[in-house]
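The values are calculated or read from the model by the stated rules, or taken from the named source; none is laboratory data. Note that this is a predicted model, so its numbers are computed, not measured. We place every Cβ from the backbone using ideal geometry, glycine too, and count neighbours over all the protein chains shown.
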Amino acid sequence: MKRVSFLAVVIILAVLTMGCTKKGESSAGGVKDLTDIRLGFVGMTLNNEYHVTLANGAKEKAKELGVNIDVQAGDQHASADQQLTIIENMLANNVDGIILVPSSSEGLESALRKCKEQGIPVINADTRLNADIVKSVGLEIPFYGTNNYEGARLAGQYAAANLPAGHVTAILTGIEGHQNTSDRLNGFKDGAGSAIKVVAEQTANWEVDQGYTAAQNIISAHPDLQLFFCSNDNMGIGALRAVEEAGLKEKIKIIGFDAVSEALNLVDSGDFLCTVAQYPAKMGELSVENIVKRIRGEGYELEIDTGCRVISKENVAEHKAYLEKYAD
């Protein structure tokens, strides 16, 4: 009887051990094979070349490593409800890790809590999650992206160096509450200093059509306007349309941010004074590389600054070549 009881205990312990295997490990306790890893990539939108480039960087790295990746995103930049549904579906489909480009920190808090409950690691790319919400959730979430304050500060310095002092300026900002929105606003102001006179600030939510409408209103209210700093190229493209329709291309300059291909063409043609290049493909690549390391129990980076620089006529050709590598 004693012998039978001992064997029964051994069998029970073995079953319990198999049932408690952590996400990312094989049932034998070893490292999960790369081909068995399933990643979820939750983008802000795929209706913007910048975010498509970011997603393509992630897909290229996943292909290189041999892991599976499911790329989904909302219809527009302000798509927190859609992102919430996407994350919940990915969790239900047993992904091993999630890469997130958040539309809103507040709207995704419940999803982050579910990730923690299920032991699913998350990496935050491009748009930084609100630090207080991350702390409240209690989930370690690495961030890989641009120092947006620094990028906008460089744009402000470029304006100060290349435009007459006291340039009458309007600033189009992104989604209210986004860290990127405040960083780009404050960085540009600090970089330009007294070289500009800011007469208007208005959100256009990163969208072309809203940038167009906002620019129309600002031009009407400030006929002496000389410069738009647009916190992303989408809004800059919308602002350019308003400037052209008002017949003010020779008077009003435009600075963008993101260096998407259309903006690079506008820099080349002189329709944009400059734009600020980020490296979204690098964000996607690093996110996949490091979340795979997390899943396999290896060391990974908690924060990576992926870099930025001002793109003007002098260096636009070089950045065009970079973007072409990640085009669909």
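Some observations on this one:
- Some residue of region 187-201 being surrounded by fewer than 16 Cβ atoms within 10 Å (Cβ to Cβ), under 21 Å from CYS308 (Cα atoms), out of contact with any Ser or Thr (no Cβ under 6 Å at 6 or more places or on another chain) and in the same structural domain as GLY156 (by TED's automatic domain parsing): yes
- Strands (runs of 3 or more DSSP E) lying entirely in region 90-207 (those with 2 or more residues that are within 30 Å of SER220 (Cβ to Cβ) and modelled with pLDDT of 95 or more): 167-173, 196-203
- Pairs where the first residue, in region 299-317, is without any contact (Cβ under 8 Å) to a residue 12 or more places away in the chain and the second is in a strand (DSSP E or B) and among the charged types (D, E, K, R), C-beta under 8 Å, 6+ apart: ASN315/ARG309
- Residue that is modelled with the lowest pLDDT [pool: residues in region 58-89 that are out of contact with any strand residue (DSSP E or B) (no Cβ under 9 Å at 6 or more places or on another chain) and not in a helix (DSSP H, G or I)]: ALA78
- Any chance SER220 is at pLDDT below 95 and among the small types (Gly, Ala, Ser): no
- Candidates are the residues of region 120-172 that are basic (Lys, Arg) and either in contact (Cβ under 8 Å) with a residue 12 or more places away in the chain or buried (at least 20 other Cβ atoms within 10 Å of the Cβ) (or both); the one that is farthest from MET90 (Cα to Cα) is ARG153.
- Screening MET283 against (1) touching an Asp or Glu at 6+ places or on another chain (Cβ under 8 Å); (2) free of Cβ contacts under 8 Å to residues at least 40 places away in the same chain; (3) more than 25 Å from ALA200 (Cα to Cα) leaves a single unmet condition, (2).
- Sub-6 Å Cβ pairs linking a first residue in region 37-66 that is surrounded by fewer than 23 Cβ atoms within 10 Å (Cβ to Cβ) to a second residue that is modelled with pLDDT of 95 or more and among the polar types (S, T, N, Q), at least 6 apart or interchain, are ARG38/ASN68, ordered by first then second residue.
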